[in-house]
Amino acid sequence: MGLAACNGPLAPCSTGKIETAGSEVAAPEAATGRQSSPAVLAKRHLIVAANPLAAEAGREILRQGGSAVDAAIAAALVLNLVEPQSSGLGGGGFMLAYDAKRKTVQAFEGRETAPAAAKPDRFLGPDGKPLGFEDAQASGLSVGVPGILALYEQAHQQLGKLPWSTLFQPAIKLAESGFAMSPRLVQLLADDTYLPQSPTAARYFYQPDGKPKPVGTLLRNPEFAETLKTIAAEGPDAFYRGPIAADIAATVSQAWRHPVPMTMADLAAYRAHATGALCRPYRDWQVCSVPPPSSGGVALLQILTMLEPHEMGAPGTGDLPSLHLVTQAEKLAYADRAAYLGDPDFVKVPTEGLLNRTYLAERARQIETSCSMGKALPGTPPSAQAYALPTAQYDPAGTTQLSIVDDEGNAVSLTQTIESAFGSKLMVRGFLLNNELTDFAATPESDGKPVANRVEPGKRPRSSITPVMVLDREGRLVLVTGSPGGSAIIGYVTKAVIAMLDGGLDPASAAALPNFVNRNGATELEAGTELSTIAPDLAKLGHDVRFTDMTSGLNSIRLTPDGLLGGGDPRRESAVLGD
């Protein structure tokens, strides 16, 4: 497939520019180099996690006969300890679970909520202008009511096999005995400005001189072990009610920066949600993800539907036509995302209209193979209610991905988060609290009209989390994937899904491909990769090209005739373990 000369229907398109550094949106977690991460084949069960210790915990649960959900919970609790910058009890997440007998996919949502005291102007300063991101992030302002533990409970009640308390034992043992601090963790600690100023976190992570504890230091967390023991014995009520809840509320209400009210009633009121997955056909497959309040599922399915008429290769390999087409579909999806996506309990999200194939065919007609479309405007999907576009939006997110298939062929794709690296920088009971409320729009209205994703009491902020499962025409599982990466998650997962389904790449090769995304602005390319060779060609097509670090964490499993083929992202400490 070739690209014609860059001439639009009325006039030649202008040549874009190339920036050698910078990004429209800051990378959620800094790049810390690459590691070798080959694909691994297993016969019985397989887990792909962002840290070897978490993968070991999940595999041990699978060896005990645990389900994919059981293994996901055990591995996620260990990640809270060994990868504290990315997720934990103080955060939230989204899970897809595949039932092999019924050939169905269910979605579980544990998104954080704004406390009752949160108002639409929460992130506006005294001058009426939005606070700077870091000012808003490292504070009580940014903390939402954590939801991940409620998600674990709901998923375990429906799909767990082993006792609840059993799932906590690997993390309890590791918290008590300690783990060796990894180079990635130490580098992220060194790069952080606010965490050393947070009294509790500083005592745990740093030396008296303010420098991080060295690589290899045995880091013990007895306070977290006690928290886990309590929840293991008493269930999630011990977290959402009683002394733990009181300490969470007090930490936010008495935060060392921007203290704001959070109450025990806010925590006691929290509820996770279970729904059907959001699934749509793509060529010979059925692609499933999560519904709103995540924008990820809607955006991914929009992009794939708009690209379906085109022959696609593996974008990121230097395939200029495929990369160009993906970025144009992304522009249109991100434009709709900004206008319509939010918490469906508070705004009318036209999910069916946004995924209507006639609507998407009309949107796709804006894609020119010969030229970038420039800035895309939101469309008008069926049954849509107009909302104002935000004039300021925070987006970075520190997140992690777990992909698991168990002995019975059941599977989990779990993406969980505390938003930015080390969340709000507030630490309580051995874990960090999220800064998830900075996923709301910083400006509540524009031109007198409300923004769909504005702050409101009890509301869930819009997410970009995009766990994915792909089924064949008979409903059999083909692929499990997902990634961290803030609002770029949508681009990372799109790249991987197309690379594996259309390009035929294995999970490890798809993850290792150079990243790129267009969030309806510049075409962002991963710095230091072979994509630099096609940047001039993209500029000729009218793209404004921007190079930046793009720290994905794609962890995937492909089901093949030979067994379970897993691959992790070389940009993180991913591990693939199975039997």
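Every read-out reported here was derived from the displayed coordinates using simple, explicitly stated rules and does not represent laboratory data. Since this is a predicted model, take the numbers as computed values, not measurements. Reconstructed Cβ throughout: ideal geometry from the backbone, glycine too, with neighbour counts over all protein chains shown.
Quick notes on this one:
- Scaled radius of gyration (Cα, divided by 2.2 N^0.38 Å) that the range 180-248 gives: 1.35
- Straight Cα distances below 13 angstrom link residue 101 to the aspartates and glutamates 406, 407, 408, 474, with same-chain residues fewer than 8 positions distant left out.
- q = 0.15, 0.35 Å⁻¹: log10 I(q)/I(0) that the Debye formula gives for the range 276-316, counting C-alpha atoms only: -0.37, -1.20
- Evaluated at q = 0.29 Å⁻¹, the base-10 log of the normalised Debye intensity for the range 258-299, with identical point scatterers placed on the Cα atoms, takes the values -0.99.
- Selection of trypsin sites (Lys or Arg not before Pro), the range 70-174, meeting DSSP coil and at most 12 other Cβ within 10 Å: 101, 102
- Proximal lysines relative to residue 129, as straight alpha-carbon distance under 18 Å, when same-chain residues fewer than 8 apart are discounted: 119, 449
- Between residue 17 and residue 269, the simple label model (points 7 Å from Cα in the Cβ direction) yields a spacing of 4.7 nm.
- With all pairs of different C-alpha atoms in the average, the Kirkwood value for the hydrodynamic radius of the range 281-373 is 13.8 Å.
- Were the residues from residue 226 through residue 127 laid out at 0.36 nm apart, the gain over their Cα-Cα distance would be 31.2 nm.
- Among 424, 182, the ranking by other beta carbons within 10 Å of each residue's beta carbon, starting with the fewest, stands as 182, 424.
- The helix-only estimate of mean residue ellipticity at 222 nm for the chain, built from DSSP H runs of length n ≥ 4 each weighted as -39500 (n - 2.57), is -8500 deg cm²/dmol after division by the residue total.
- Computed from the Cβ-Cβ distance with R0 of 41 Å, the FRET efficiency linking residue 246 to residue 41 stands at 0.25.
- About its Cα centre, the dipole of the range 56-103 is roughly 300 debye, where the only charges are +1 on Lys and Arg Cβ and -1 on Asp and Glu Cβ.
- Loop-located trypsin sites (Lys or Arg not before Pro) in the range 273-361 (DSSP state other than H, G, I, E, B) with a sparse environment of at most 16 neighbouring Cβ atoms within 10 Å: 283, 348.
- Global size of the range 50-163 as Cα Rg and Dmax, reported in angstrom: 17.8, 58
- Where GluC sites (Glu not before Pro) in DSSP loops with at most 13 other Cβ within 10 Å are excluded, longest remaining stretch of the chain: 1-310
- Amide H contacts under 5 Å for residue 90, placed H, 5+ residues apart: 432
- Within the set (i) 28.6; (ii) 23.4; (iii) 24.7, the number that Kirkwood radius over Cα pairs in Å takes when calculated for this structure is listed as (ii).
- DSSP H segments from the chain that extend 20 Å or more along their own axis, Cα-based, with Kyte-Doolittle mean of 1.6 or above: 68-82
- For the chain, averaging the sequence separation of C-alpha pairs within contact (under 8 Å, six or more residues apart) and dividing by the residue count gives a relative contact order of 28 percent.
- Within the chain: Cβ-based charge dipole about Cα centre, in debye rounded to nearest 20 (Lys, Arg +1; Asp, Glu -1): 360
- P(r) weight above 11 Å for the range 68-112, C-alpha pairs, percent: 71
- Pairs of Cα atoms farther than 17 Å apart, the range 114-263, %: 72
- Measuring how big the range 402-498 is from its alpha-carbon positions, Rg and Dmax come out at 17.3, 55 Å.
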